[in-house]
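We did not get these values from a lab; they are worked out from the coordinates using the rules stated. It should be emphasised that the depicted structure is a prediction, and the values quoted were computed from it without experimental measurement. Here Cβ is always computed from backbone atoms with ideal geometry, including for glycine, and neighbour counts include all displayed protein chains.
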Amino acid sequence: MKKIVILGDSENPHIQRWASYLVNCRYELHIISFSRGVIEGAHVHHISVPKYLIISPIAPLWKKFGYLLCLFSVRKLIFSLEPDILHAHWGTS
């Protein structure tokens, strides 16, 4: 069985549609996301952005800098999953 990893927002409707399709096709699907979405049949791995970067809801740009700080943990997770296919859907969300 092919293992697919999607790097993207698990609450994004496009990701959810793709995930539903891929799960129905019997792929082992893992989603690495900075949000806490739930997708039936897929393994959603939530990566937390450091809390000190969340200043306020009107300053979301600071949270984006947190993505760079999470780069090593995301990379480590990807290597541990050993996917056949890796898809990054919007690198900044």
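A simple spin-label model places pseudo-atoms 7 Å from Cα toward Cβ; at VAL23 and ARG36 they are separated by 1.8 nm.
Applying a DSSP loop filter and a limit of 13 other Cβ atoms within 10 Å to the GluC sites (Glu not before Pro) in region 1-43 leaves GLU40.
Length available on full extension from TRP90 to HIS43: 0.36 nm per residue minus the Cα-Cα distance, which gives 15.0 nm.
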